[in-house]
There are 2 protein chains.
Amino acid sequence: MEADIIAVGTELTCGAVANTNAVWLSQRLLEAGVAVRRQITVGDRLDDVRESIERSLGAVDVVLLTGGLGPTQDDLTREALSAALGRPLESDRASEEHIRAFFRSIGRPMPEANLRQAMIPAGAMALANAWGTAPGIRAEAGQAVIYALPGVPREMRETFDRYVAPELRERASGAAVAVRVLHTYGLGESIIGQHLSDLMTPGRNPSVGTQASEGQISVRVIGRGASPEEVRRLVDADADRIRALLGDVVFGEGDDTLPLVVGRRLTELGRTVATAESCTGGLIAKSLTDVSGSSAYFLRGYVTYSNESKIDLLGVPRELIQSHGAVSGPVAEAMAAGCRSRAGSDYALSATGIAGPTGGSADKPVGLVYIGLADANGCAVCELRFGAHLNREAIRDRACKTALNLLRRRLYGMRT
Amino acid sequence: MEADIIAVGTELTCGAVANTNAVWLSQRLLEAGVAVRRQITVGDRLDDVRESIERSLGAVDVVLLTGGLGPTQDDLTREALSAALGRPLESDRASEEHIRAFFRSIGRPMPEANLRQAMIPAGAMALANAWGTAPGIRAEAGQAVIYALPGVPREMRETFDRYVAPELRERASGAAVAVRVLHTYGLGESIIGQHLSDLMTPGRNPSVGTQASEGQISVRVIGRGASPEEVRRLVDADADRIRALLGDVVFGEGDDTLPLVVGRRLTELGRTVATAESCTGGLIAKSLTDVSGSSAYFLRGYVTYSNESKIDLLGVPRELIQSHGAVSGPVAEAMAAGCRSRAGSDYALSATGIAGPTGGSADKPVGLVYIGLADANGCAVCELRFGAHLNREAIRDRACKTALNLLRRRLYGMRT
């Protein structure tokens with residue numbers, strides 16, 4: 001089964017707000033066994049909405065509309081649905097009573113305009129909205145079913161969960177879908193693609209695809225089949241194969257992030273960490289403390305932006321900075337070692353580099369970053385050279401992720 | 001002039017990520033004088049992408065594709081474009097050389113798969129992508145122009161600004177559009193809306209709208225008219241009126257951010273700042289150092305997550321923590337004062353609070369945060385109580401923005 005999602009609202013097409021409803025609905029539909037073919041967003045224009053409905057009706061099994069059910073003149077979903085179905089709008093008695101009762105309950109007079117919200121196409125069904133005044137609408141057209149849901153995210157979700165999800169799960173039975181998403185750090189997308197080329201052939205089930213997001217490459221496995229058990233087996237088998245093919249660059253799955261994985265491992269081992277940052281300016285500490293409960297393993301962070309603060313707070317020898325420069329392997333090492341001993345932590349991460357856009361030289365260009373990792377056995381330093389294609393924000397982001405990934409690998413005894 | 005935006009990627013239709021590109025592009029297109037008719041999202045299926053292109057080509061003046069230009073087999077925008085235009089793919093010599101040079105610059109061997117990225121439909125033009133390997137594509141079909149842009153947001157934005165925006169502004173001339181966006185911090189959206197109600201009537205030119213983004217409320221003024229001069233005059237008059245109505249909650253315009261505005265003012269005054277953070281975990285330091293050149297005024301940051309580190313690094317008296325708790329006004333004050341004296345800075349910001357989701361109590365609930373600001377005249381503390389509708393990330397974000405806004409107001413001599 002396939003669905004189209006049509007979001008209605010000029011606030012979306014003019015870029016004032018993001019269509020978060022589409023993200024949420026796509027996930028829920030997939031979980032109900034319905035794949036989303038298209039997400040479409042149109043402004044508050046009758047012909048555009050009608051035409052979108054007509055096109056989708058001819059192509060998919062389920063059409064989900066969101067928005068355009070409000071009481072004002074620019075709310076046109078009802079009219080567009082009526083035109084697309086070729087059925088006149090009629091007032092739904094129960095909805096009318098619900099709207100009157102809503103205004104009585106908040107003690108305000110009902111504007112006449114709100115009665116528009118009780119209008120639904122002949123033969124359609126109103127989906128009572130306990131969370132606002134706009135009822136949803138359910139209609140059938142040939143083999144397809146159409147749902148029009150409120151645009152307010154909370155009302156949309158409640159209406160979907162109450163009326164739409166149960167019906168779709170029933171209709172989709174016999175077409176199960178399962179999804180797993182594996183996250184990697186350390187290899188480029190094309191290399192990952194080479195490793196997985198056998199799995200990524202078009203038309204294969206499960207489908208395997210990659211996605212790059214700021215240096216992190218995720219691999220998505222979507223399986224379809226007759227039963228949940230069968231499809232789960234297919235997807236699990238692929239995920240196992242992907243893990244075997246990619247090895248330890250896979251750092252997690254689903255909601256996992258590098259700080260979360262590092263934090264979980266530190267907790268398991270009962271170890272602590274501290275940070276000493278120059279070019280990343282607090283980003284590594286911020287990322288580690290994104291995780292609730294990080295106070296169990298994150299002790300403290302030093303943001304040593306100036307040379308004086310590196311000397312004063314971390315005990316980096318002044319001569320070391322003078323002879324090698326603040327952006328150098330020896331200084332990264334001294335920062336990590338000094339941080340570890342002063343914080344009394346098991347591990348310490350340091351970063352010093354040139355995030356740009358200014359401050360680079362032929363010798364030390366923008367994008368040059370040194371990461372240090374100190375533990376009981378000493379201190380490792382790695383030199384990173386990010387190309388000119390990354391801006392300041394991206395250089396800092398990659399430096400942070402590389403530092404966290406280095407710590408992850410150390411915590412798991414992997415080669416660093 | 002009207003445009004359709006077609007985003008390609010199964011990660012979008014399966015709800016794994018939000019289509020933030022569509023939001024950004026819709027805004028920029030509007031600023032260039034082009035209205036967006038539809039935003040369409042399709043998965044990585046050749047026929048769906050091709051069909052979407054064909055439909056849009058018949059309906060609008062400009063078609064903007066994003067995504068599907070990567071090196072792997074599931075990147076199909078090139079093939080779909082070729083099929084929709086009825087023109088074969090050919091390798092673009094300059095793009096091929098660019099891709100080879102990219103891999104030389106990062107010192108890695110080039111996977112053969114990356115050469116796919118140099119393929120463009122015959123007669124089309126490659127749009128060099130200085131920020132990645134995937135070039136964009138520009139093609140014409142009858143009266144319409146098509147641009148295919150990379151899906152990575154940063155690369156998409158750079159490519160759009162360099163190649164697409166200038167051409168569209170020229171094509172759209174005759175229908176002048178001007179946009180100004182004012183940013184505020186400190187008042188809620190409905191209060192801002194009340195202040196501006198006279199300007200926000202539907203159908204008015206310029207149109208004035210508000211948009212909330214993580215606590216920051218922006219006011220967008222979009223004017224339309226026959227000449228650039230006329231429309232600029234209209235929009236400037238509105239912006240002046242908005243500034244007069246809202247006063248000093250307006251902190252900037254356009255690309256301004258709180259850290260940028262604070263940094264600019266510190267530079268003007270020749271003053272310095274340092275930070276001492278508990279619950280924000282480095283976020284304030286990270287935000288201040290987001291700004292290139294921040295080393296001129298940002299001296300150092302302390303991320304004092306543990307009690308010991310507050311005592312050790314900032315000289316917070318142990319008794320103070322014992323009697324008031326680490327999350328308290330007196331501790332925020334001692335953190336800021338200790339930070340300022342140890343860093344030798346003109347200003348110091350501190351933050352201590354309960355970001356949650358755990359760690360709250362009836363007395364000190366999740367969302368309670370104290371911000372301290374120390375300067376030569378002493379130390380001010382403000383208590384924030386964020387409601388249960390904000391999660392950990394949002395609480396940390398608002399605490400950081402409130403701290404930066406407090407410093408901004410102090411630097412401009414406004415009431416704090």
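Scan region A:189-214 residue by residue and report those that are more than 7 Å from every other protein chain (Cβ to nearest Cβ), surrounded by 18 or more Cβ atoms within 10 Å (Cβ to Cβ) and modelled with pLDDT under 90.
A:SER207, the sole residue that qualifies.
Those residues that are of a type in the set (Gly, Ala, Ser) and within 14 Å of another protein chain (Cβ to nearest Cβ), I need them from region B:112-128; list them, please.
Across region B:112-128, the qualifying residues are B:ALA113, B:ALA118, B:ALA128.
Of the residues A:GLY338, A:GLY281, which single one is touching a residue at least 12 places away in the same chain (Cβ under 8 Å), surrounded by 22 or more Cβ atoms within 10 Å (Cβ to Cβ) and away from chain B (no Cβ under 12 Å)?
On the way: A:GLY281 fails: away from chain B (no Cβ under 12 Å).
Every option except A:GLY338 fails the conditions.
Any residue at all in region B:39-47 that's within 22 Å of the chain's Cα centre (by Cα), surrounded by fewer than 22 Cβ atoms within 10 Å (Cβ to Cβ) and at the interface with chain A (Cβ under 8 Å from one of its Cβ atoms)?
Scanning region B:39-47, I find no residue that is within 22 Å of the chain's Cα centre (by Cα), surrounded by fewer than 22 Cβ atoms within 10 Å (Cβ to Cβ) and at the interface with chain A (Cβ under 8 Å from one of its Cβ atoms), so the answer is no.
Test A:ASP363 against the stated conditions and say whether it is of a type in the set (Asp, Glu), out of contact with any Gly (no Cβ under 7 Å at 6 or more places or on another chain) and away from every other protein chain (no Cβ under 14 Å). Before you say what the answer is, go through the steps one by one.
On the way: of a type in the set (Asp, Glu): yes; out of contact with any Gly (no Cβ under 7 Å at 6 or more places or on another chain): yes; away from every other protein chain (no Cβ under 14 Å): yes.
Yes; evaluated as a whole, the condition is true for this residue.
Among the residues of region A:382-416, write down those that are over 22 Å from B:THR289 (Cβ atoms), out of contact with any Ser or Thr (no Cβ under 8 Å at 6 or more places or on another chain) and outside any loop (DSSP other than H, G, I, E, B). It would help to see each step written out before you state the result.
Residues of region A:382-416 that are over 22 Å from B:THR289 (Cβ atoms), as a first pass: A:408-416.
Still in the running and out of contact with any Ser or Thr (no Cβ under 8 Å at 6 or more places or on another chain): A:408, A:411-416.
Passing the criteria: A:ARG408, A:LEU411.
Rundown of residues vs (1) touching a Leu at 6+ places or on another chain (Cβ under 9 Å); (2) not aliphatic (A, V, I, L, M), yes/no style:
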| site | (1), (2) |
| --- | --- |
| A:TYR147 | yes, yes |
| A:VAL152 | no, no |
| A:MET156 | yes, no |
| A:ARG169 | no, yes |
| A:LEU182 | yes, no |
| A:TYR185 | yes, yes |
| A:SER190 | no, yes |
| A:ASN205 | yes, yes |
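Just a yes or no: is a residue in region B:158-175 without any contact (Cβ under 8 Å) to a residue 12 or more places away in the chain, within 26 Å of the chain's Cα centre (by Cα), away from every other protein chain (no Cβ under 14 Å) and closer than 26 Å to A:ASN391 by Cα?
Yes: region B:158-175 contains one or more residues that are without any contact (Cβ under 8 Å) to a residue 12 or more places away in the chain, within 26 Å of the chain's Cα centre (by Cα), away from every other protein chain (no Cβ under 14 Å) and closer than 26 Å to A:ASN391 by Cα.
Of the conditions (1) in the same structural domain as B:LEU85 (by TED's automatic domain parsing); (2) modelled with pLDDT of 95 or more; (3) hydrophobic (A, V, I, L, M, F, W, C), B:ALA244 clears all except one; give me its number.
(1)
I'd like to verify a number: residues in region A:251-278 that are surrounded by fewer than 20 Cβ atoms within 10 Å (Cβ to Cβ) and aliphatic (A, V, I, L, M), how many?
Of the residues in that region, 2 qualify.
How do the helices (runs of 4 or more DSSP H) wholly within region B:255-346 filter down when requiring 1 or more residues that are under 30 Å from B:TRP24 (Cβ atoms): which remain? Spell out how you get there, then give the answer.
Values: elements: B:258-269, B:283-288, B:307-314, B:318-324, B:329-343.
So the answer is B:258-269, B:283-288.
Give me the residue from region B:135-174 that is of a type in the set (A, V, I, L, M) and in a strand (DSSP E or B) and, out of that set, farthest from B:ARG93 (Cα to Cα). Let's see the steps before the verdict.
Quick first cut of region B:135-174, residues of a type in the set (A, V, I, L, M) only: B:137, B:139, B:141, B:144-146, B:148-149, B:152, B:156, B:164-165, B:168, B:172.
From what is left, the residues that are in a strand (DSSP E or B) are B:137, B:139, B:141, B:144-146, B:148-149.
Values: B:ILE137: 14, B:ALA139: 17, B:ALA141: 23, B:ALA144: 26, B:VAL145: 22, B:ILE146: 21, B:ALA148: 18, B:LEU149: 19 Å.
Taking the candidates together, the pick is B:ALA144.
Is it fair to say B:ILE311 is within 14 Å of chain A (Cβ to nearest Cβ) and without any contact (Cβ under 8 Å) to a residue 24 or more places away in the chain?
Working: within 14 Å of chain A (Cβ to nearest Cβ): yes; without any contact (Cβ under 8 Å) to a residue 24 or more places away in the chain: yes.
The answer is yes for B:ILE311.
Look through B:VAL63, B:VAL36, B:VAL23 and report the one residue that is part of a strand (DSSP E or B), at the interface with another protein chain (Cβ under 7 Å from one of its Cβ atoms) and hydrophobic (A, V, I, L, M, F, W, C).
B:VAL36
So B:ALA130 passes all but one of these: (1) surrounded by fewer than 20 Cβ atoms within 10 Å (Cβ to Cβ); (2) within 30 Å of the chain's Cα centre (by Cα); (3) assigned to a helix (DSSP H, G or I). Which condition number does it fail?
Status for B:ALA130: all satisfied but (3).
The values are calculated or read from the model by the stated rules, or taken from the named source; none is laboratory data. Since the model is a prediction, treat every value here as computed from it, not as a measurement. Methodologically, a virtual Cβ is constructed for each residue, glycine included, from the backbone with ideal geometry; neighbour enumeration extends over all protein chains shown.
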